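What follows draws every value from the coordinates through simple rules; no lab data is involved. This is a predicted model, so every value here is computed, not measured. All Cβ positions, even for glycine, are placed from backbone atoms using ideal geometry, and neighbour counts span all protein chains on display.
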Amino acid sequence: MKTPVAQRIQQLGEYLFAGLDRKKQEAIQAGLDVVDLGVGDPDLPTPSHVIEALAEAARRPENHQYPSYKGKRALRLAIAEYMKRRFSVDLDPDREIVVLIGSKEGIAHLSWALIDPDDLVLVPDPAYPVYAATARFCGGHVERMPLLRSHGFLPDLDEADRVIRSNEAARAKLMWLCYPNNPTSATATSSFFERAVTLAARHEMVVANDAAYYELYLDGVQPPSILQVRNAKDVAVEFYSLSKTFNMTGWRVGWAAGNAEVIGALGRVKTNVDSGVFGAVQDAALAALTGDWSHVVALRKRYARRRDRLMAGLERGGWDAIRPTATFFVLAACPNGMTSIEAVEWLLDRAGIVATPAVAMGPHGEGFVRFSLTAGDDRIEEAARRLEAMDLTEATRSPRTVKKP
Ligand SMILES: *Cc1c(COP(=O)(O)O)cnc(C)c1O
């Protein structure tokens, strides 16, 4: 039988990491001491009071039945209070907040909530692959917004405006942003968010900010929320996650907040697709949001220390690395004009360090590699030592990638 796999799956891009994964496994099998700074998955455990809350909640029979698809009201109230406390934003817990099975679920389903075939979707490049992949699942037409270092890794909104105008046939429905940003670690200013909201309003489209890294600011300065912009709720939604703030990537819980109609449409997709987050996980999420935050304070300090250590190694080794003020990623320019893939292979061969080629997240990631700070302190220390000791003059473009004339 010719397996009847849908076009949308066949069209998915090549998995750029596959070859790298194989190389990593080979290196490990060859007995090399590999330092894996590739994936951004927190190495530290979930705070114990959150685990306790889950254990207790798991015993309550009410949590053994189907949960509410849009989240328990108690949790949505706690989220509204957090949003008020943290950003001074007022949200209606019944209409403007929906609990998600991790923010990735909501990000994916937002496409289904908004996009019809041939609609235009603006997606940053490089970016989390889910925005573009799911837009295409819905038949959307994706236009990339380059994130350039010379522009603070913020998209050029005048250019976005031109792109929308020149695609007259396609209706612009959605513009994705991600600040604090993965993979560049850039943060947005309030005035940038203001301009993004203005652009969205002008074209009657939605602007969605993926805010998974809001709480991971490293130098004491809280990044702004797009929902703080005046009239933001006319056009904006924002996605939040407990994954990175509370080391809860495995738990699958987050939320979206903002424009009531968009949140409502997202909820309607969910009623047709999933049945919400396990009630006990919701109770644990409530415990995380309303409980002791000293763990988060300590987590920021720890990532800041790791950043300082890795940056020191990179700088002493002659790398052109960008010091992040938020997230747990360090972006570095590839030495001597190497491509992202070449640099990542070279790092593994010469130093046993696994990094992510930023080009895997979009063509404009070319020329950069991303180091994740989610490895143990001793591993970061080891990576820093190796990076410092590398001889960058040995970094050369490999002949096999030189194009034949
Ligand atoms: C980690 C991450 C997420 C998602 O996390 P969930 O675990 O699904 O809440 C979303 N966006 C970006 C950019 C991320 O790095």
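Descriptive notes on the structure:
- Here the 3J(HN,Hα) profile of the range 196-210, calculated from phi with Karplus coefficients 6.51, -1.76 and 1.60 at θ = phi - 60°, is 5, 5, 4, 4, 4, 5, 4, 9, 6, 10, 9, 10, 10, 9, 8 Hz, Gly and Pro shown as x.
- Loop-located GluC sites (Glu not before Pro) in the range 323-396, at most 16 other Cβ atoms within 10 Å (DSSP): GLU366
- Tilt relative to the chain, helix 294-316 - C-alpha long axis, 0 to 90 degrees, to 10: 20
- Loop exposure criterion: chymotrypsin sites (Phe, Trp or Tyr not before Pro), DSSP state outside H, G, I, E and B, at most 16 other Cβ atoms within 10 Å. Applied to the chain, the longest stretch between such sites is 16-292.
- Helix 17-29 axis, angle to the chain major axis (alpha carbon atoms, nearest 10°): 60
- Loop trypsin sites (Lys or Arg not before Pro), the range 196-300 (other Cβ atoms within 10 Å of the site Cβ: 14 or fewer; DSSP): ARG230
- Vicinal HN-Hα couplings computed from phi for the range 42-57 (Karplus, 6.51 cos²θ - 1.76 cosθ + 1.60; Hz; Gly/Pro x): x, 7, 8, x, 4, x, 5, 5, 6, 5, 4, 4, 5, 4, 5, 5
- Distance violations [Cα-Cα > 21 Å] among LYS173/LYS233; LYS84/LYS233; LYS70/LYS104; LYS2/LYS270; LYS104/LYS270: LYS2/LYS270
- Cα gyration tensor, the range 223-318 - rounded (a/c under 1.5), prolate or oblate: prolate
- Angle in degrees between helix 340-351 and the longest Cα principal axis of the chain, rounded to the nearest 10: 60
- Note on LYS301: lysines with a C-alpha under 23 Å away, same-chain residues under 8 apart excluded, are LYS244.
- Counted by neighbouring Cβ atoms within 10 Å, the residues MET311, MET83, MET1 run from fewest to most as MET1, MET311, MET83.
- Restricting the GluC sites (Glu not before Pro) of the range 3-71 to loop positions (DSSP other than H, G, I, E, B) with no more than 16 neighbouring Cβ atoms within 10 Å leaves GLU14.
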